[in-house]
């Protein structure tokens, strides 16, 4: 089995580039790898930005007006 690897942009009609001409008309196995938009966005943001975005969705701290007082109260109960 022969392997050919290259990086290219697929045309909107999905046809293979002419550089694969050697494989035309043959039975082939095609693996297409592409980066998803969400992954691209996640890799460009630092962790704190992603964490804050998640915290905004979860609303876990919605009822805490004063985080310092909240922590002090928790520690005094232990």
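Considering only 16, 51, 33, the mean-square fluctuation computed in a Gaussian network model of the chain, springs between alpha carbons under 10 angstrom, is largest for 16.
Taking the fewest neighbouring Cβ atoms within 10 Å as the starting point, the ordered list for 6, 52, 1 is 1, 6, 52. Prolate is the label for the chain. Its Cα gyration tensor axes, ordered a ≥ b ≥ c, give a/c of at least 1.5 and a/b above b/c. Per-residue ellipticity at 222 nm computed for the chain from its helices equals -12000 deg cm²/dmol, with DSSP H segments shorter than 4 residues left out and the rest contributing -39,500 (n - 2.57).
Each reported figure results from applying straightforward, stated rules to the coordinates on display, with no laboratory input. Note that the coordinates shown come from a computational prediction; the quantities given were computed from them, not determined experimentally. Virtual Cβ from ideal backbone geometry, glycine too; neighbours counted across all protein chains shown.
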